[in-house]
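Report on one structure; see the data block that follows.
Coordinate-derived values only; no laboratory data. Computed from a predicted structure; not experimentally measured. Please note: Cβ atoms are built from the backbone with ideal geometry, for glycine as well, and neighbour counts cover all protein chains shown.
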Amino acid sequence: MDKKVIIIIAFVLVSLIQLYIPLSMVLSKEDISESGKSYKFKAEPIDPTDPFRGKYITLRFNERSVSTPDSLDWSKGETIYLQLAEGEDGFARLVTGTKEKPNNSSDFLKAKVRYAIKRNNHGGMTRVSIKLPFERYYMEESKAYDAELAYRKVRRDTAQTAYALVKIKEGESLLNDFLINDVSIEEYLELNQTEEKSN
Amino acid sequence: MSLQKDIGELINAEVISKETANKIREYYAAKSKNSGNRLFMIFGVLGAILVGLGIISIIAHNWDQLSRTVKTVLAFLPLITGQLIGAFTLFKKSENRTWAEASAVFIFFAVGASMAMVSQVYNIDGDLSSFLLTWMLLCFPLMYVFKSSMVSLLYLCGINYYVCQHHYWSFNNPTSYIFWGLLAIELPFYFFLLKKRASSNFSSFHHWLIPLSIIIPLATLTDSAEFLTLIAYMSFFGLLYMIGCLDFFRQGKIRNNGYLVLGSTGTISLLMALSYEWFWEDLIEYDHIFENLLFSTGFLITILFTLSALILLANGWRKKKIKDVKPIEFVFILFPIIYIIGSYSLVAIWLVNLLILGIGILTIREGAKLNHLGILNYGLMIITILIINRYFDSNLSFVFRGVLFILVGAGFFVTNSWMLKKRKKNG
């Protein structure tokens, strides 16, 4: 075959892969958004920057560890399937973690292990710290810092809550929104600004 | 060109024939066209880099006003535009280096921009290192498809950024062997450059970035055997120096010979860092665990570097006289011995300091012999830095230190002016 033809075929293949990877991310997330089940995860934000993707807030969740039987050994970065349940307050709870994908339930989430501590005195249970797959919430450059300040204010008042609204389907997740007192954080910031101005 | 101005005079004086004169004129005309092309290419590549980075920055702002659908469409717009320009280049401008370089660079950044935008829209988690890894993997074929040297350089920067982010700047990440795979898939392109575009500026940049791409992540391989880290580095600097001494690299300018400069300055810097007493005091107290050392990755690569450097050293010696052998060539052989002595005794501090002093003096001698001001001053610099180091950590009296500084300062004046005088006399 002509050298030029090979190069052009290679280029077409490369271009398709370059399009396919971001497109597949879009499609899988759209699917979760359409038909996933919603969970609320209680959280608190802090505000760092990524050089390519801009400002985001890191969410620290109240639920970030589970107990698993001592017979399971966990290593850092390993995939863990978390059994989910909804508490009486309406927020998500992590019940336990398994190595295999649960077959009989759809209420589970795929996540990574941060570290695990075996505790002999706790009925043979290991405490596993989890890295949830939705800890970044991207925000407009000018608003990320305000979001953090707003949240700090909220935290002093126990009557107010902040949480992440997450859609989950077959273990895959999509962080849909971050809310303070049931209002999306972008809206919450705007409301706060107009309030401050009117004061 | 002064020669072009003188052509008329040369013909009149019958020094050259009219035919030769025409050939000379044609040669310079072709040469100036070539340099025009090169300038055009530099601006083309710079333009593509700036536009690409601009798009990424604008995307990083994360526009709240735009809906999710609009953002998703915008994420693919630069990428598709870039790919269309790329296709046009391959079909219509395949011989034009400027088009090839600029469109490849533009696609490179468009891929990053599109991934960044999608991550933002769907709040996709994943740290910076996994973002960089996917980006680089998606873009490495561009250097082969477009034969783009600039994408190759960007790729090398990207994978080094990845390894730093993954290993050095993140807490407790496991050793990433992926990096070495990423480097390996770039090497065929580097060999292509060496073969086909040996004299281009892009190749010179590669001569710097390729060795740096091993120096930077080398420490990740010796994690399990910290004891070996410094020995591995020293033998690698030795190897770099020996590669830099090969005829292929020696023929060019020193500033294009990253191997030689990195090998030499790396060796000296490491020796300087180890010329302090505290390092060796710590080393003696440190509990060395020699178990499993023989089978660790660190040990194997140290042996590999040392053997390769020895082969090049032996090969180089066959061609030159004993008096032309430079002391810095031995450092990688002497260093492991000093290091092992240093694990038990503080004599090593003296050995390292004497070694640096010896290299300094012999470098000055070499500079004087070759009538090379750069080498001469490099030698003087080595001795000056050694003295400054000792100024701070030794208990020498202030008068003695003062006298030392004055002597070295005077040394700079005397040797430089002596050499300049010698040059004037000879010239």
Self-check item: aspartates and glutamates whose Cα lies under 17 Å from that of A:Lys153, excluding same-chain neighbours fewer than 8 positions away
Solution: A:Glu44, A:Asp47, A:Asp182, A:Glu186, A:Glu187, A:Glu190, A:Glu195, A:Glu196
Quiz prompt | Long-range amide H partners of A:Ala43 with built H, under 5 Å | solution = A:Asn62, A:Ala162, A:Tyr163, A:Ala164
Self-check item: Paramagnetic reach from B:Leu362 (point 7 Å along Cα→Cβ, amide N under 18 Å) across the stretch B:323-354
Solution: B:323-339, B:350-354
Quiz prompt | Entries in B:Lys369/B:Lys421; B:Lys5/B:Lys422; A:Lys112/A:Lys143 that, when Cα-Cα distance is taken, lie over 25 Å | solution = B:Lys5/B:Lys422; A:Lys112/A:Lys143
Practice problem: Return the long-range amide H neighbours of A:Asp177 (sequence gap of 5 or more, or a different chain), with a cut-off of under 5 Å between placed amide H atoms. | Solution: A:Leu165
Practice problem: Quick one: work out Rg over Rh on the C-alpha atoms of chain B, Rh as Kirkwood radius. | Solution: 1.05
Self-check item: Under the Karplus curve 6.51 cos²θ - 1.76 cosθ + 1.60, θ = phi - 60°, whole-Hz ³J(HN,Hα) for the stretch B:58-73, x wherever Gly or Pro sits
Solution: 5, 5, 4, 4, 6, 6, 5, 5, 7, 6, 4, 5, 4, 4, 5, 4
Exercise. Would you mind telling me which residue in B:Ala410, B:Ala13, B:Ala30 has the biggest mean-square fluctuation in a Gaussian network model of chain B, where springs connect alpha carbons within a distance under 10 angstrom?
Key: B:Ala13
Exercise. Anything over 28 Å Cα to Cα? Flag those among A:Lys55/B:Lys71; A:Lys131/A:Lys167; B:Lys93/B:Lys196; A:Lys29/B:Lys147; A:Lys55/A:Lys101; B:Lys253/B:Lys326, in the order listed.
Key: A:Lys29/B:Lys147; A:Lys55/A:Lys101
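Treating only the Cβ atoms of Lys and Arg (+1) and Asp and Glu (-1) as charged, compute the dipole magnitude of the stretch A:2-144 about its Cα centre; round to the nearest 20 debye. Show your work: numbers first, answer last.
Details: 23 positive and 19 negative charges, 99 e Å.
Approximately 480 debye in magnitude.
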Quiz item: Treating the beta-carbon of each Lys and Arg as +1 and of each Asp and Glu as -1, no other charges, what is the dipole magnitude of the protein assembly as shown about its Cα centre, to the nearest 20 debye?
Solution: 3360
Practice problem: Could you please state, rounded to a whole Å, how far the C-alpha centre of the stretch B:89-159 is from the C-alpha centre of the stretch B:228-264? | Solution: 30
Quiz item: What longest region of chain B stays clear of GluC sites (Glu not before Pro) that DSSP places outside H, G, I, E and B and that have at most 15 other Cβ atoms within 10 Å?
Solution: B:96-290
Practice problem: Would you kindly derive the ³J(HN,Hα) couplings of the stretch B:45-56 from the backbone phi angles with the Karplus curve 6.51 cos²θ - 1.76 cosθ + 1.60 (θ = phi - 60°), listing them in order in whole Hz, with x for Gly and Pro? | Solution: 5, 4, x, 5, 5, 5, 4, x, 5, x, 4, 4
Quiz prompt | Farthest toward positive dipole pole in the protein assembly as shown [+1 Lys/Arg, -1 Asp/Glu at C-beta], among B:Phe191, B:Leu300, A:Asn176 | solution = B:Phe191
Quiz item: Counting other C-beta atoms within 10 Å, which of B:His167, B:His207 has the fewest, and how do the rest follow?
Solution: B:His167, B:His207
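Scanning chain A for helices, which whole DSSP H stretches are 27 Å or more long along the axis (Cα) and average 0.0 or more by Kyte-Doolittle?
Membrane-span-like by this rule: A:3-35.
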Exercise. Quick one: which residues, 5+ away or cross-chain, put their amide H under 5 Å from the amide H of A:Tyr56? H built at 1.01 Å from N.
Key: A:Asp50, A:Met139
Exercise. Kindly give the semi-axes, whole Å and largest first, of the ellipsoid equivalent to chain A, taking each as the square root of 5 times a Cα gyration tensor eigenvalue.
Key: 33, 29, 16
Exercise. Work out the length of the dipole vector of the stretch A:89-159 about its Cα centre, built from +1 on the beta-carbon of each Lys and Arg and -1 on the beta-carbon of each Asp and Glu, and round it to the nearest 20 debye.
Key: 480
Quiz prompt | Karplus (6.51, -1.76, 1.60) ³J(HN,Hα), θ = phi - 60°, over the stretch A:88-100, in Hz, Gly and Pro reported as x | solution = 5, 6, x, 9, 6, 10, 8, 8, 7, x, 10, 7, 9
Quiz item: Evaluated at 20 °C with a viscosity of 1.002 mPa s, what Stokes-Einstein diffusion coefficient in µm²/s does the stretch A:65-131 have when Rh comes from the Kirkwood expression over alpha-carbon pairs?
Solution: 175
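On full extension of the chain, what length is gained from A:Glu187 through A:Tyr115, given 0.36 nm per residue of separation minus the C-alpha to C-alpha distance?
22.3 nm
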Quiz prompt | For B:Met419, B:Met117, order by how many other beta-carbon atoms lie within 10 Å, fewest first | solution = B:Met419, B:Met117
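How do A:167-180, A:56-69 rank on mean C-beta neighbours within 10 Å, highest first? Mind dumping the intermediate values first?
Details: A:167-180: 20.1, A:56-69: 18.3.
In decreasing order of mean packing, A:167-180, A:56-69 become A:167-180, A:56-69.
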Quiz item: If we count other beta carbons within 10 Å of each Cβ, what is the order of B:Ile49, B:Ile406, B:Ile243, fewest first?
Solution: B:Ile406, B:Ile49, B:Ile243
Quiz item: If you build a Gaussian network model of chain A, linking Cα atoms that sit under 10 Å apart, which residue out of A:Gln83, A:Gln160, A:Gln18 swings the most?
Solution: A:Gln18
Exercise. Enter the mean projected area of the convex hull around the alpha-carbon atoms of the stretch A:1-117, in nm², rounded to one decimal.
Key: 12.7
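If I take all pairs of Cα atoms in the protein assembly as shown, what percentage of them are more than 47 Å from each other?
Values: 71174 of 195625 pairs.
So the portion of pairs separated by more than 47 Å is 36 percent.
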Exercise. Only loop residues by DSSP count here, and only those with at most 14 other Cβ atoms within 10 Å; note down the trypsin sites (Lys or Arg not before Pro) in the stretch A:70-157 that meet that.
Key: A:Lys76, A:Lys99
